[in-house]
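S.K.: What follows is a single structure, and I will ask about it in a moment.
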Amino acid sequence: MKQIAWLFKWLLKAAIFFTLFAFALNNQGDTTVHFFFGYHWTAPMVLVVLVAFATGLVIGVLGMVPRWWRHRREALQARFAAREATNALSAEASKQGTPPRPDGL
């Protein structure tokens, strides 16, 4: 069963590659991108599409960075709070002379 899944995965990858390759071959014609103030850029259409895709990807990742940082900070704070609560329970249990319960209660 693993071999069939492995084969299917590679066939899917090959299909995607050949589809993109055919797209690149069919779009070799030059295109002109006009910017502001009379500037323009002439390049093959497939290169223009690739640059537009990469630019969108970079903008999307940069837009997610603040959220990733916030979630990372909240996770670190939660981990620190859990560690402090565990230490407090252990200290309380050692004062009473009873071993702490593994579930923290």
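S.K.: Of the numbered conditions (1) on the phi > 0 side of the Ramachandran plot; (2) modelled with pLDDT of 90 or more, residue 42 fails exactly one; give the number of that condition.
M.R.: Single failed check for residue 42: (1).
S.K.: Let me ask something else. Does residue 75 meet the test of being at negative phi, surrounded by 10 or more Cβ atoms within 10 Å (Cβ to Cβ), modelled with pLDDT of 90 or more and not aromatic (Phe, Trp, Tyr)?
M.R.: Values: at negative phi: yes; surrounded by 10 or more Cβ atoms within 10 Å (Cβ to Cβ): yes; modelled with pLDDT of 90 or more: yes; not aromatic (Phe, Trp, Tyr): yes.
Yes, satisfied.
S.K.: Which of the following residues is touching a strand residue (DSSP E or B) at 6+ places or on another chain (Cβ under 8 Å) and in a helix (DSSP H, G or I): 58, 33, 48, 65? First the steps, then the outcome.
M.R.: Working: 58 fails: touching a strand residue (DSSP E or B) at 6+ places or on another chain (Cβ under 8 Å); 33 fails: in a helix (DSSP H, G or I); 65 fails: touching a strand residue (DSSP E or B) at 6+ places or on another chain (Cβ under 8 Å).
Unique residue meeting the criteria: 48.
The values are calculated or read from the model by the stated rules, or taken from the named source; none is laboratory data. Here the structure is a predicted model, which means the values were calculated and not measured. Neighbour counts run over all protein chains shown; Cβ positions are idealised from the backbone, glycine included.
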